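Inspection log for the structure reproduced underneath, given as structure tokens.
Only the coordinates and a few stated rules stand behind these numbers; no lab work does. Keep in mind that what you see is a predicted model, and the values were worked out from it rather than measured. In this analysis, Cβ positions are derived from the backbone assuming ideal geometry, glycine residues included, and neighbour counts consider all displayed protein chains.
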């Protein structure tokens with residue numbers, strides 16, 4: 001069976017120009033992830049594959065150390081931090097060596113400050129983009145969207161976490177599993193930690209009940225990933241029914257990070273695009289909102305981007321009206337919102353006022369509302385999963401025909417503009433509109449400008465990570481048109497103080513809302529790749545930009 005796994009990954013290696021990623025996933029330290037990774041490395045080497053060890057953590061285990069013999073090891077680089085020398089994986093040496101496969105242990109590791117990338121998974125993304133295949137290891141508690149679940153199960157806050165998109169992009173996930181009794185026995189025999197740590201570990205994280213819950217969580221995660229990858233082709237396309245998912249946020253949202261992680265898992269199960277929509281009240285501005293709230297909101301929006309959401313910000317005092325307008329425009333069928341438990345005063349009730357959730361449930365039509373209990377307790381924040389409708393939703397999706405891939409062509413044929421200086425947002429949008437109109441005679445530039453800028457007034461689409469996506473739907477347009485603008489220095493909005501360096505302008509027919517949503521989701525996924533963004537900013541020509549976009553589309 002182990003030999004078959006190696007042969008399966010060997011086939012993947014031979015099929016792609018971009019590197020393939022294989023992750024050995026376990027439920028805890030000591031189950032044998034690194035051991036199995038090294039066993040596979042030896043089998044691949046015996047098959048003639050050029051394989052090296054980028055970084056392997058043996059933790060002094062003799063059996064594991066013995067398996068490295070005969071495998072080329074890339075020397076680590078030394079980084080000085082606060083007067084202390086720390087060793088890290090040398091990504092520059094790996095890229096220069098350019099092996100066929102590289103072993104990168106402990107995917108969730110945080111690099112020492114001053115390193116090329118902040119996180120090891122970002123190093124892996126860069127290695128994969130260079131066409132080098134990667135085999136790595138990870139424990140289930142380090143998956144970002146499982147943070148609250150793990151905390152509730154083990155009472156441990158996991159500091160180092162990996163975005164779900166990294167797990168989703170893995171070409172192979174291998175479950176490394178032993179019984180919890182066997183793992184505790186290995187710990188007692190000194191095969192996991194040094195003797196001084198054994199008793200403390202057994203009484204804390206390695207308690208039987210903790211391990212059982214983590215083991216079950218790992219099996220569920222693997223089953224979900226397998227289910228996602230084996231679905232009928234075409235089910236991952238946006239369908240004709242409203243089926244996207246959105247999360248509602250505001251500066252007063254309680255436990256917004258827990259809500260986002262829950263929504264990320266639901267979107268992953270449904271294989272849907274999802275959006276984090278921040279409705280900023282007119283009274284919420286830097287003068288009236290305290291610095292702590294502003295920092296918390298910025299952290300929340302950053303997490304939403306890391307989890308794969310497209311972030312939208314809107315201004316207005318009619319929060320429910322804004323949410324429902326967004327749901328109609330972006331074909332949202334599932335809305336997730338948190339319930340802090342706060343109630344209206346009796347006088348407010350008597351005057352006819354209702355909470356946001358009450359209004360949302362009453363005024364929405366054809367949309368499923370999921371209300372999460374995020375009330376804080378004295379000991380922890382409990383996020384209670386609502387009634388699960390996933391099987392019902394998936395059954396509906398299975399009955400639909402797959403949608404044609406018309407959404408790729410506008411991106412393949414996109415017009416490109418490069419700037420060498422700082423450009424204001426409105427000026428950049430106007431230039432991209434001009435490019436679209438010159439390529440599409442049926443468009444009237446004055447009308448397009450008015451439509452796009454009116455749409456921008458509702459809420460600009462700076463999704464973070466250097467990307468902005470202004471967009472609009474037009475009655476007179478027969479097919480979508482896309483233009484791309486890139487400025488290494490920056491695209492700046494003096495009104496909101498937001499900035500970006502890559503801008504995608506989308507113009508689509510009002511009659512094709514499905515394609516419009518698909519384009520937004522596709523651009524958001526491309527923009528989530530840090531190495532792809534770097535290459536876009538380094539491209540010197542319009543043809544270079546188009547090639548990078550087309551390459552990403554070919555891999556989707």
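Taking a ≥ b ≥ c as the square roots of the eigenvalues of the alpha carbon gyration tensor, region 38-99 is oblate, as a/c is not under 1.5 and a/b does not beat b/c.
For region 483-556, the pair-distance distribution built from all alpha carbon pairs, in bins 10 Å wide starting at 0, is 16, 47, 31, 5 percent.
Peptides 544-553, 32-41, ordered by how many other C-beta atoms sit within 10 Å of their residues on average, highest first, read 32-41, 544-553. When the inverse distances between all different Cα atoms of region 2-229 are averaged and flipped, the Kirkwood radius reads 18.2 angstrom. Modelled spin labels at residue 63 and residue 354, positioned 7 Å past Cα toward Cβ, are 6.3 nm from each other. For region 410-545, what percent of Cα pairs sit more than 22 Å apart? Summing the P(r) of region 410-545 above 22 Å gives 30 percent of all pairs. In plain terms, if you count all Cα to Cα distances in region 67-112 and split them into 5 Å steps from zero, the share in each step is 5, 17, 26, 25, 18, 7, 3, 0 percent.
Round to the nearest 0.05 the FRET efficiency obtained for residue 438 and residue 534 when R0 = 30 Å and r is the Cβ-Cβ distance. Spell out each step's value before the answer.
On the way: r = 30 Å, r/R0 = 0.99.
The formula returns an efficiency of 0.50 here.
For a paramagnetic label modelled on residue 431 (point 7 Å from Cα along Cα→Cβ), amide N atoms under 20 Å away belong, within region 536-551, to 536-549. Max-minus-min Cα coordinates of region 109-154 on each principal axis give 39, 25, 14 Å, with the largest extent listed first.
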